[in-house]
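Working notes, structure below.
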Amino acid sequence: MTCAEVPGKSGVDLGVIVWDWRSGQKISNQIFLELYSIQTLRLAAGQEKVYGQCSGDYIISFQAKKPYRQIKKKQFDQHRVSGYSVGFDISADEGLIASGSTDGTVHIYDTRRNRQVRQFSVSKENSPITAVAWHPAGASTIATGDWSGRIFVHS
């Protein structure tokens, strides 16, 4: 899967494209039919789901295997994107998603219950959080980076 912004007559076309890597052919471009673009895609560790940070201020999920459908019930929307490339990451056990926000906060979502479980402020300047990464060994430590280039580690 790839994400791209291709202007069309009624908004952004081809927001998410599924490719056959062997032939280089498009398999599907009809899995995300909204007027927002997807900025970043991340494949979950179990390779069953793909999550995407949407410019409409939410994270959406898709099936990673045929029929590659959008999972409408898995949407996380308490953070803001506001035109920035806001970072997000999925914990190794796929139970949590951490997303940055343009107000300098990080939002933690429970993927099993489809709700926000925590929010915390990263910087006093409210600089947008553009990078987020869980520690690979567990969900107790997370690193974030903001628009000004600063890096923070949180436990």
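The values are calculated or read from the model by the stated rules, or taken from the named source; none is laboratory data. Nothing here was measured: the structure is a model prediction, and the numbers come from that model. Here the Cβ positions follow ideal geometry from the backbone for every residue, glycine too, while neighbour counts run over all protein chains shown. Calculation scope for accessible area: heavy atoms of the full protein, side chains included, ligands and nucleic acids excluded. Shrake-Rupley method; radii C 1.70, N 1.55, O 1.52, S 1.80 Å.
Structure data summary
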quantity: Some residue of the stretch 94-108 being closer than 30 Å to residue 27 by Cβ and either basic (Lys, Arg) or not in a strand (DSSP E or B) (or both); calculated: yes
quantity: Pick from the stretch 40-54, criterion open to solvent by less than 50 Å² (accessible area, probe 1.4 Å) and in contact with a Ser or Thr (Cβ under 6 Å, 6 or more places away or on another chain), ranking: farthest from residue 132 (Cα to Cα); calculated: 51
quantity: Unique match (being part of a loop (DSSP other than H, G, I, E, B) and open to solvent by less than 50 Å² (accessible area, probe 1.4 Å)) among 140, 127; calculated: 127
quantity: Among residues of the stretch 66-114, those that are over 13 Å from residue 128 (Cα atoms) and either in contact (Cβ under 8 Å) with a residue 40 or more places away in the chain or touching an Asp or Glu at 6+ places or on another chain (Cβ under 7 Å) (or both), counted; calculated: 19
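Condition check ((1) at pLDDT below 90; (2) farther than 17 Å from residue 107 by Cα; (3) open to solvent by 30 Å² or more (accessible area, probe 1.4 Å)) across all residues:
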{"site": "4", "(1), (2), (3)": "yes, yes, yes"}
{"site": "12", "(1), (2), (3)": "yes, yes, yes"}
{"site": "15", "(1), (2), (3)": "yes, yes, no"}
{"site": "28", "(1), (2), (3)": "yes, yes, no"}
{"site": "56", "(1), (2), (3)": "no, no, no"}
{"site": "72", "(1), (2), (3)": "yes, yes, yes"}
{"site": "76", "(1), (2), (3)": "no, no, no"}
{"site": "79", "(1), (2), (3)": "no, no, no"}
{"site": "87", "(1), (2), (3)": "no, no, no"}
